[in-house]
Every structure is written in C-alpha cells, then in structure tokens.
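To keep things clear, I will list the structure first and then write my remarks on it.
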Amino acid sequence: GVGMGMTAPVSITAFPAEDGSFQQKVKVSLRIPSQFQDSPPCPTDESVKIEERQGMTVYSTQFGGYAKEADYVSYAAKLKATLGSDAAHRKDFYLCNGYDPPMKPYGRRNEVWFVKE
C-alpha cells in the first residue's frame, strides 16, 4: 500500500539462446529503495519474489539511446568478442540494465553485464 517510485537500474536477466537472442524466459529486477531494505513489503502477487543479490564482479559495456532487445544482444556479442576466451564469466545468463525514465530523450545510459566467475 506504499508507493516506492521507480528505481534504477531496471535489470533484466537474459538467458541467451544459441544465436545470442533472448529466450522467452527473462527476469526483471528492481532495486528496493533504501528505506524498505531492512523490512521489504511482502508481495501480494505470487509471481513477484524478493531476492537478495549478492555482491559480484562484472565485465560491462555501456551504450546510449532507447535500448531494445536487439541492442542488448548486439552489445552482449561485442562484449563477448572483446573479452575473448581469457575472461571467465557466466555463459548461462547476462544482465541488461537501463538507468533512465522513459521520458528522458537524451543522454540515456544502458549497460550489459557479464558476471565474472
């Protein structure tokens, strides 16, 4: 019953198919604002889960504009090519992050993260 407003980043966990495209299954994560972190409200929808994300080290790339699935897939492929085989990272998923509200037309920030193993 309490409005929490929008948080940043909005993080989408992508589970890539063989060709790098998203599979049907994705997970959208929103950060719980600081004042609710010690005692988050219980979701009333059973499809909404509260998870604690552990600290992680990531390989990241950043890009601008209104990000679409194709953009995230493209930048993930570029990051993978840049890292080559020397950087051990999770292959079963990667994170797509957007930091800006929909009405912000310029200076938008998006990132792709690969989690270091």
Compactness of the chain, expressed as Rg and Dmax over alpha-carbon positions, Å: 15.5, 48
Inter-probe distance in nm under a simple model that places probes 7 Å from Cα toward Cβ, at LYS116 and GLU51: 2.1 nm
Between SER29 and residues 5 or more places away or on another chain, which pairs have amide H atoms under 5 Å apart, with H built 1.01 Å from N, and which residues are they? SER11, ILE12, THR13
Taking only Cα atoms, what is the 0 to 90° angle, nearest 10, from helix 69-83's long axis to the longest principal axis of the chain? 50 degrees
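With every protein chain left in place, what is the accessible area per residue of the chain in square angstrom, probe 1.4 Å?
Per residue, the chain has an accessible area of 71 Å².
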To the nearest 0.05, the calculated FRET efficiency linking ASP86 and THR44 through their beta-carbon distance, R0 being 41 Å, is 0.30
What number of lysine-lysine pairs in the chain show an alpha-carbon separation below 14 angstrom, given a sequence spacing of 8 or more or placement on distinct chains? 4
For a label point 7 Å from the Cα of GLN35 along Cα→C-beta, name the residues of the stretch 1-22 whose backbone N is under 13 Å from it. 2-6
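Which loop-located trypsin sites (Lys or Arg not before Pro) does the stretch 42-94 contain, where loop means any DSSP state but H, G, I, E or B and the Cβ has at most 11 other Cβ atoms within 10 Å?
Working: sites: LYS49, ARG53, LYS68, LYS78, LYS80, ARG90, LYS91; in loops: LYS49, ARG53, LYS68, ARG90, LYS91.
Those that pass, being in a loop and sparsely packed, are LYS49, ARG53, LYS68, LYS91.
The values are calculated or read from the model by the stated rules, or taken from the named source; none is laboratory data. Predicted model only: the values in this text are computed from it and were never measured. Neighbour counts run over all protein chains shown; Cβ positions are idealised from the backbone, glycine included. Ligands, DNA and RNA are stripped out before the accessible areas are found, and what is left, the full protein with its side chains, is counted by its heavy atoms. Shrake-Rupley method; radii C 1.70, N 1.55, O 1.52, S 1.80 Å.
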